[in-house]
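Novice: Can you read through this structure? Questions will come right after.
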Amino acid sequence: QVQLLESGGGLVQAGGSLRLFCAASGSIFSVNNMDWYRQAPGKQRELVAVITSGGSTNYADSVKGRFTISRDNAKNTVYLQMNSLKPEDTAVYYCNADVAKCGRCPVYNYWGQGTQVTVSS
């Protein structure tokens, strides 16, 4: 079994910062892409940031210049540093990862349980 455990969400005032953490654990051989998604009430889940195993990153236009995704491959952990937060960043943030359990195993996609981020105006 593979589990993704997120932490770091909370309540912050507009302009503040939060750092999200997501650690993958279980039967893991390799972790490929690790992503952060978010879902606001009444809206579809949207991709926020992506980081490949090699460290290449990509961001949604709405967070470029404010959010930074990073990872520690040795710990199978991905981070999301969120600065200059806005009320519209309020959402449940989900970690997502592509994981192989062995060298010749297929890659499966896993989700975390989500962590709430609330930005007050």
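The values are calculated or read from the model by the stated rules, or taken from the named source; none is laboratory data. Just so you know, these numbers come straight off a predicted model, no measurement behind them. Glycine gets a Cβ as well: all are built from the backbone with ideal geometry, and neighbour counts include every protein chain shown. These accessible areas exclude ligands, DNA and RNA; they are computed on the full protein's heavy atoms, side chains included. Shrake-Rupley method; radii C 1.70, N 1.55, O 1.52, S 1.80 Å.
Novice: Consider Phe21 carefully, then state whether it is touching a Cys at 6+ places or on another chain (Cβ under 6 Å) and either open to solvent by 20 Å² or more (accessible area, probe 1.4 Å) or modelled with pLDDT under 95 (or both). Write out each step before concluding.
Specialist: On the way: touching a Cys at 6+ places or on another chain (Cβ under 6 Å): no; either open to solvent by 20 Å² or more (accessible area, probe 1.4 Å) or modelled with pLDDT under 95 (or both): yes.
For Phe21, the condition - touching a Cys at 6+ places or on another chain (Cβ under 6 Å) and either open to solvent by 20 Å² or more (accessible area, probe 1.4 Å) or modelled with pLDDT under 95 (or both) - is not met.
Novice: Further question on the same structure: Being surrounded by fewer than 15 Cβ atoms within 10 Å (Cβ to Cβ) and of a type in the set (D, E, K, R) is the filter here; which residues of segment 87-121 pass it?
Specialist: Glu88, Arg104, listed by residue number.
Novice: For a quick check of your reading: which strands (runs of 3 or more DSSP E) sit entirely within segment 25-121 and have at least 1 residues that are modelled with pLDDT of 95 or more and polar (S, T, N, Q)?
Specialist: 30-39, 57-59, 67-72, 77-82, 91-100, 107-111, 115-120
Novice: Return the residue satisfying two criteria in turn: it lies in segment 1-16 and is within 15 Å of the chain's Cα centre (by Cα) and open to solvent by 60 Å² or more (accessible area, probe 1.4 Å), and of such residues it is nearest to Tyr79 (Cα to Cα).
Specialist: Here is the first cut: in segment 1-16, the residues within 15 Å of the chain's Cα centre (by Cα) are 3-10.
Then drop every residue that is not open to solvent by 60 Å² or more (accessible area, probe 1.4 Å), which leaves 3, 5.
Numbers: Gln3: 16, Leu5: 12 Å.
Residue satisfying both the conditions and the ranking: Leu5.
Novice: On to the next question. The conditions are (1) in contact with a Cys (Cβ under 8 Å, 6 or more places away or on another chain); (2) surrounded by fewer than 13 Cβ atoms within 10 Å (Cβ to Cβ), and Val78 fails exactly one of them. Which is it?
Specialist: (2)
Novice: Please specify each residue of segment 40-53 satisfying the condition of being out of contact with any Ser or Thr (no Cβ under 9 Å at 6 or more places or on another chain) and open to solvent by 60 Å² or more (accessible area, probe 1.4 Å).
Specialist: First, the residues of segment 40-53 that are out of contact with any Ser or Thr (no Cβ under 9 Å at 6 or more places or on another chain): 42-45, 47, 52.
Scanning segment 40-53 gives Gly42, Lys43, Gln44, Arg45, Leu47.
Novice: Looking only at segment 46-95, count how many residues are farther than 19 Å from Gly16 by Cβ and in contact (Cβ under 8 Å) with a residue 24 or more places away in the chain.
Specialist: Qualifying residue count, segment 46-95: 9.
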